[in-house]
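Q: Pasting a structure below so you can have a look.
The values are calculated or read from the model by the stated rules, or taken from the named source; none is laboratory data. Since we're looking at a predicted model, the values are computed, not measured. Heads up, the Cβs are rebuilt from the backbone with ideal geometry, glycines too, and the neighbour counts pull from every protein chain shown. Quick note on the areas: whole protein, heavy atoms, side chains included, nothing else; ligands and nucleic acids left out. Shrake-Rupley method; radii C 1.70, N 1.55, O 1.52, S 1.80 Å.
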Amino acid sequence: MNIGVKLQRVREENFIWVVYFFIIIAALLSNAYEKYFLETGDYRKEKIFRTLNITIFSVAFFIYLYFVVISYENVQELRKTSTKKEVLSAHMTLIASLLFLVAGGIALCAEINRENPDTDIGVV
């Protein structure tokens, strides 16, 4: 992989870190709305925190999808001259990315289908 591609990926990952910063803020805001809902029973607040959670999980899902694509591209770029360690590392990274994507998808589906706030899902 040439240096230009690597630098572009670093720029994209920097953007993802900024997005994670906003995810953290949204998660804290969601928790505040959930706390208010649990204390008061105001169902408008439940709708707000559930919408925030679904948004957070959706954004996270697409971030995980990005990492699956990048990991897959890395596996495709392996050469016959790559060492066993490089091949193993690239495949393990792809598997880890796929597992994060699956977990993100399941968490998103669980949040969408959740009927009460008692079954809480931690933000990954």
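Q: Checking GLU73 against (1) modelled with pLDDT under 95; (2) touching a helix residue (DSSP H, G or I) at 6+ places or on another chain (Cβ under 8 Å), which single condition isn't satisfied?
A: Of the numbered conditions (1) modelled with pLDDT under 95; (2) touching a helix residue (DSSP H, G or I) at 6+ places or on another chain (Cβ under 8 Å), the odd one out for GLU73 is (2).
Q: Would you please name the residue that is nearest to PHE61 (Cα to Cα), looking only at residues in segment 78-95 that are without any contact (Cβ under 8 Å) to a residue 12 or more places away in the chain and aliphatic (A, V, I, L, M)?
A: Selected residue: ILE95.
Q: Could you look through segment 1-16, keep only residues that are in a helix (DSSP H, G or I) and hydrophobic (A, V, I, L, M, F, W, C), and pick out the one that is nearest to the chain's Cα centre (by Cα)?
A: ILE16
Q: Now for a separate question. Which pairs have Cβ atoms under 9 Å, sit 6 or more apart or on different chains, and link a residue in segment 30-43 that is free of Cβ contacts under 8 Å to residues at least 12 places away in the same chain to one that is part of a helix (DSSP H, G or I) and open to solvent by 80 Å² or more (accessible area, probe 1.4 Å)?
A: Listed by first residue and then by second, the contacts come to ASP42/TYR36.
Q: Filter segment 38-59 for residues that are among the hydrophobic types (A, V, I, L, M, F, W, C) and closer than 18 Å to ARG114 by Cα; which is nearest to the chain's Cα centre (by Cα)?
A: If we take residues in segment 38-59 being among the hydrophobic types (A, V, I, L, M, F, W, C) and closer than 18 Å to ARG114 by Cα, then PHE57 is nearest to the chain's Cα centre (by Cα).
Q: Somewhere in segment 37-49, is a residue modelled with pLDDT under 95 and among the hydroxyl-bearing types (Ser, Thr, Tyr)?
A: yes
Q: Right, another one. What are the residues in segment 79-116 that are closer than 23 Å to ARG11 by Cα and open to solvent by 50 Å² or more (accessible area, probe 1.4 Å), if any?
A: SER89, THR93, LEU98, PHE100
Q: Looking for whichever is among the β-branched types (Val, Ile, Thr), surrounded by 15 or more Cβ atoms within 10 Å (Cβ to Cβ) and farther than 18 Å from ILE112 by Cα here; the options are ILE25, ILE70. Which one fits?
A: ILE70
Q: Please work out which one of (1) farther than 17 Å from ARG9 by Cβ; (2) surrounded by 12 or more Cβ atoms within 10 Å (Cβ to Cβ) is the condition THR40 fails and give its number.
A: (2)
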